[in-house]
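Below: the structure, in structure tokens.
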Amino acid sequence: MNKILITGGAGFIGSNFIHYILSKYDSYQVINLDKLTYAANLDNLKDIESNKNYKFIHGNIVDKEFIFRLFEDEKFDIVINFAAESHVDNSILNPQIFTITNIFGTQVLLDACKKYNIKRFHQVSTDEVYGDLPLYDKSLLFTEKTPLNPSSPYSASKASADMIVKSYYRTYNLPITISRCSNNYGPYQHFEKLIPSMIYKAINNDELPIYGNGCNIRDWLHVYDHCTAIDLIIHEGKIGEIYNIGGNNEKSNIDIVKIIIKELGKSEKLIKYVNDRPGHDLRYAIDSTKIKTTLNWKPVYSFENGIIDTIRWYTKIL
Ligand code: NAD
């Protein structure tokens with residue numbers, strides 16, 4: 001049986017990945033290591049708490065002594081690093097914790113992987129490391145060769161981590177892969193993020209604050225499709241490589257909010273335009289040709305169905 005360490009597994013994407021991997025394979029023992037910041041929610045994993053292939057450990061990836069002891073005791077085969085401070089607005093208010101967790105924490109994990117000869121370290125990164133694209137030239141997309149040009153302290157910390165991960169491949173031959181995914185939506189996301197927060201506010205007939213003019217564009221992917229991509233990369237991806245993951249679903253923030261309002265039968269009068277986020281990225285758009293052609297990945301969710309499922313999922317838990 002292979003042992004897999006998931007860091008940040010009590011967060012949005014990590015908890016979806018743990019559900020995915022345990023339901024797909026009997027041959028993995030999954031250890032979920034999470035610091036349980038405000039963004040974590042162990043209730044996301046209640047249904048698998050007693051699964052014999054699953055164990056939760058409370059801890060911080062920045063704590064080198066603790067991490068090295070854990071690696072010594074558990075003898076992991078694969079490490080997937082989801083743990084991060086992930087909210088851009090928080091990174092504008094308090095950038096330091098982003099540097100500490102996202103950069104130093106990643107380096108501690110890399111050092112442990114090096115010492116304990118881990119077979120694969122996978123870094124879950126983001127398309128935000130590329131910066132942004134102009135709004136009105138739809139021919140421009142991020143490829144894996146697009147230079148890193150992050151805008152926020154969050155994306156800068158993720159870009160820095162990516163470079164350190166790459167350097168451990170080049171310098172120490174550490175078996176790494178990196179994925180850079182577009183914006184995810186789906187179940188178990190924290191209510192601070194756009195889609196759950198707008199659903200929550202709309203249900204309560206609260207104002208729906210939209211940054212600037214609402215025209216900023218994101219490329220949306222259902223979290224399940226992100227999980228299938230990571231699964232393929234850790235099993236079939238080429239060591240040392242970076243894979244972009246995206247859904248070809250470019251939507252402006254105002255489009256997303258209007259979809260939510262319509263599905264919930266609310267009024268567009270709830271929309272309130274507020275001062276723009278400092279340094280707000282205009283448009284993200286991902287070219288996923290590499291993962292599609294080399295690993296045969298393709299998303300199963302259409303945005304139209306996935307977003308309605310997601311709105312209904314949040315409506316049910318509220
Ligand atoms: P999230 O904020 O929902 O979850 C992050 C988890 O990491 C939380 O459970 C938190 O407690 C944990 N954590 C934070 N600091 C830690 C530390 N020092 N040690 C151990 N655990 C710690 O984030 P998410 O949306 O699930 O994102 C997961 C990863 O995917 C992040 O690395 C993020 O950069 C990346 N990503 C996210 C998106 C997206 O749309 N959400 C898109 C692309 C990439």
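Given the criteria over 30 Å from LYS166 (Cβ atoms) and at pLDDT 95 or above, does LYS266 qualify? Taking the combined requirement at face value, the residue satisfies it. Restricting attention to region 14-65, the residues that are open to solvent by 20 Å² or more (accessible area, probe 1.4 Å), within 13 Å of the ligand (Cβ to nearest atom), not acidic (Asp, Glu) and not in a helix (DSSP H, G or I) total 12. Filtering region 135-154 for residues that are part of a strand (DSSP E or B) and either open to solvent by 40 Å² or more (accessible area, probe 1.4 Å) or not acidic (Asp, Glu) (or both) leaves a non-empty set. Quick one: is LEU135 away from the ligand (no atom under 16 Å from the Cβ) and over 27 Å from ILE239 (Cβ atoms)? Against the criterion (away from the ligand (no atom under 16 Å from the Cβ) and over 27 Å from ILE239 (Cβ atoms)), LEU135 qualifies. When we screen ILE271, ILE242 for residues that are surrounded by 14 or more Cβ atoms within 10 Å (Cβ to Cβ), β-branched (Val, Ile, Thr) and more than 24 Å from PRO187 (Cα to Cα), the only hit is ILE242. Got at least one residue in region 84-105 being under 15 Å from the mean Cα position of the chain (by Cα) and acidic (Asp, Glu)? Checking region 84-105: at least one residue is under 15 Å from the mean Cα position of the chain (by Cα) and acidic (Asp, Glu).
Every residue in region 250-261 that is charged (D, E, K, R) and either assigned to a strand (DSSP E or B) or in contact with a helix residue (DSSP H, G or I) (Cβ under 9 Å, 6 or more places away or on another chain) (or both), please. Across region 250-261, the qualifying residues are GLU250, LYS251, LYS258. Taking the criterion of being of a type in the set (S, T, N, Q) and touching a residue at least 12 places away in the same chain (Cβ under 8 Å), the residues of region 46-71 that qualify are ASN51, ASN53, ASN60. Across region 233-262, the qualifying residues are those that are within 16 Å of the ligand (Cβ to nearest atom) and aliphatic (A, V, I, L, M), and the one among them that is farthest from ASP137 (Cα to Cα) is ILE234. So, in region 94-117, how many residues would count as being more than 8 Å from the ligand (Cβ to nearest atom), without any contact (Cβ under 8 Å) to a residue 60 or more places away in the chain and open to solvent by less than 10 Å² (accessible area, probe 1.4 Å)? Qualifying residue count for the region: 3. Checking every residue in region 168-185 against the condition of being within 18 Å of LYS290 (Cβ to Cβ), within 15 Å of the ligand (Cβ to nearest atom) and open to solvent by 40 Å² or more (accessible area, probe 1.4 Å) gives zero matches. For region 187-233, residues that are open to solvent by 10 Å² or more (accessible area, probe 1.4 Å) and under 28 Å from ILE164 (Cβ atoms) total 7. Could you say whether any residue in region 73-86 is surrounded by fewer than 19 Cβ atoms within 10 Å (Cβ to Cβ), modelled with pLDDT of 95 or more and out of contact with any strand residue (DSSP E or B) (no Cβ under 8 Å at 6 or more places or on another chain)? Yes, region 73-86 contains a residue that is surrounded by fewer than 19 Cβ atoms within 10 Å (Cβ to Cβ), modelled with pLDDT of 95 or more and out of contact with any strand residue (DSSP E or B) (no Cβ under 8 Å at 6 or more places or on another chain).
Only residues that are in contact (Cβ under 8 Å) with a residue 60 or more places away in the chain and either outside any loop (DSSP other than H, G, I, E, B) or hydroxyl-bearing (Ser, Thr, Tyr) (or both) were counted across region 72-89, and they come to 8.
The values are calculated or read from the model by the stated rules, or taken from the named source; none is laboratory data. As the structure is a prediction and not an experimental result, all values here were calculated from the model. Cβ coordinates were reconstructed from backbone atoms using ideal geometry, including for glycine residues, and neighbour counts include every protein chain displayed. Quick note on the areas: whole protein, heavy atoms, side chains included, nothing else; ligands and nucleic acids left out. Shrake-Rupley method; radii C 1.70, N 1.55, O 1.52, S 1.80 Å.
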